[in-house]
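A.B. asks: This is the structure, below, for whatever I ask next.
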Amino acid sequence: MVDSHCHLDMFEDWKEVIKRAKEAGVSEILSIATDESSFFKCLEIVKQIGGIMAIGIHPHESKNATSESLKLMRTLLLNNREIVAIGEMGLDFYKKFSPKEVQEDVFRRQLELAKELNLPIIIHCRDAYDRLLEILDQEGPPQVGIVHCFSASKEIGQEFLKRNFYLSFAGPLTYPNSIKLRETALCVPLDRILLESDAPFLPPQSHRGKRNEPALIVETYKTLAEIKGMNLEELKETIRANFHFVIGSRRRKENGEV
């Protein structure tokens, strides 16, 4: 199994977390760093384990971003092959920890950087889907991207699929009351779907109220396999292929491949 979105830098016991993940059958984890303070901690972890990561400025942290923040991101991206994507970035008009106009400006600047460096992007969006799609159309969609922890309608999902995005589902897919979310997952083509833990957040149903870990993603895999009416091993192979396509997009571009 692959975990397309996890915050390893938020675990003090990350070595034990990774060990449990491997024992559960998780072979790859994309670790996500969401502000300057986490960039280097996350990079240190993935260098030790031979892993991969993404760096981005989360919309909650937009108010703290400066021109130097973007310069640092660019430098790290150019000098560390372990960093394979930009994100998570986007808009969050629910909690509004940063002013809307600031979020939008930082989002646009990260989109520009992603296009300059031919990198996939990882989107965080909450209560701002219409505006985020509008900005994507104004700036031009990325070569490829992921909408992390997707929770919107089937119609919104279709709009992202039209714009070269993959939809990633997390622990809430396993919740009994997530009927509409499961209906949305059913409608997403198999070649455009991903799964994630978002650990330490959003644990699956069996661990609600507790800390999440990548090892627990197996429950989300089993749920999606049931939704799609398919063999679990076949689903694992499909998700892995999708994941590798997204994170390999930069290398294909550099090699002149389609």
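The values are calculated or read from the model by the stated rules, or taken from the named source; none is laboratory data. Keep in mind it's a predicted model, so treat the numbers as computed, not measured. For neighbour counting, all protein chains shown are included, and Cβ atoms are generated from backbone atoms with ideal geometry for every residue, glycine included.
A.B. asks: What's the total number of residues in the stretch 191-237 that are charged (D, E, K, R), farther than 25 Å from Phe165 by Cβ and surrounded by 21 or more Cβ atoms within 10 Å (Cβ to Cβ)?
C.D. replies: Matching residues across the stretch 191-237 total 1.
A.B. asks: Further question on the same structure: Of the conditions (1) closer than 15 Å to Pro141 by Cβ; (2) in contact with a helix residue (DSSP H, G or I) (Cβ under 6 Å, 6 or more places away or on another chain), Phe97 fails just one. Which one is it?
C.D. replies: The one condition Phe97 does not meet is (1).
A.B. asks: Where residues in the stretch 75-94 are assigned to a helix (DSSP H, G or I) and of a type in the set (A, V, I, L, M, F, W, C), which of them is farthest from Pro142 (Cα to Cα)?
C.D. replies: Here the answer is Leu76.
A.B. asks: I've got another one for you. Whether any residue in the stretch 102-120 is closer than 20 Å to Glu196 by Cα, part of a strand (DSSP E or B), modelled with pLDDT of 95 or more and in contact with a strand residue (DSSP E or B) (Cβ under 8 Å, 6 or more places away or on another chain) is what I want to check.
C.D. replies: no
A.B. asks: Inspect the stretch 16-34 for any residue being more than 30 Å from Asn231 (Cα to Cα), free of Cβ contacts under 8 Å to residues at least 40 places away in the same chain and not in a strand (DSSP E or B) and give the result as yes or no.
C.D. replies: no
A.B. asks: Being of a type in the set (Gly, Ala, Ser) and farther than 20 Å from Ser38 by Cα, is that true of even one residue in the stretch 88-109?
C.D. replies: Among the residues of the stretch 88-109, not one is of a type in the set (Gly, Ala, Ser) and farther than 20 Å from Ser38 by Cα, which makes the answer no.
A.B. asks: If a residue must be closer than 23 Å to His7 by Cα and surrounded by fewer than 18 Cβ atoms within 10 Å (Cβ to Cβ), how many such residues does the stretch 127-150 contain?
C.D. replies: Residues flagged as closer than 23 Å to His7 by Cα and surrounded by fewer than 18 Cβ atoms within 10 Å (Cβ to Cβ) within the stretch 127-150 amount to 1.
A.B. asks: Search the stretch 156-173 for residues that are within 19 Å of His5 (Cα to Cα) and without any contact (Cβ under 8 Å) to a residue 60 or more places away in the chain and pair each with any residue that is in a helix (DSSP H, G or I) and among the acidic types (Asp, Glu) when their beta-carbon atoms are under 7 Å apart and the residues are at least 6 apart or on different chains.
C.D. replies: Hits for this filter: zero, empty list.
A.B. asks: Being assigned to a helix (DSSP H, G or I) and either within 17 Å of the chain's Cα centre (by Cα) or under 19 Å from Arg20 (Cβ atoms) (or both) narrows it down to one residue among Leu202, Leu216; which is it?
C.D. replies: Among Leu202, Leu216, only Leu216 is assigned to a helix (DSSP H, G or I) and either within 17 Å of the chain's Cα centre (by Cα) or under 19 Å from Arg20 (Cβ atoms) (or both).
A.B. asks: Starting from residues that are among the acidic types (Asp, Glu), out of contact with any Lys or Arg (no Cβ under 9 Å at 6 or more places or on another chain) and crowded, with 16+ Cβ neighbours inside 10 Å, keep the ones in the stretch 43-91 and report whichever is nearest to Ile247 (Cα to Cα).
C.D. replies: Result: Glu88.
A.B. asks: Would you pick out the residues in the stretch 61-74 that are hydroxyl-bearing (Ser, Thr, Tyr), assigned to a helix (DSSP H, G or I) and without any contact (Cβ under 8 Å) to a residue 40 or more places away in the chain?
C.D. replies: Correct list: Ser67, Ser69.
A.B. asks: When the residues of the stretch 1-42 are filtered to those that are among the acidic types (Asp, Glu) and under 21 Å from His148 (Cα atoms), which remaining residue is surrounded by the most Cβ atoms within 10 Å (Cβ to Cβ)?
C.D. replies: Only one residue tops the list, namely Asp3.
A.B. asks: Of all residues in the stretch 112-126, which are out of contact with any Phe, Trp or Tyr (no Cβ under 7 Å at 6 or more places or on another chain) and surrounded by fewer than 22 Cβ atoms within 10 Å (Cβ to Cβ)?
C.D. replies: Once the filter is applied, which keeps residues that are out of contact with any Phe, Trp or Tyr (no Cβ under 7 Å at 6 or more places or on another chain) and surrounded by fewer than 22 Cβ atoms within 10 Å (Cβ to Cβ), the stretch 112-126 yields Glu112, Leu113, Lys115, Glu116, Leu117, Asn118.
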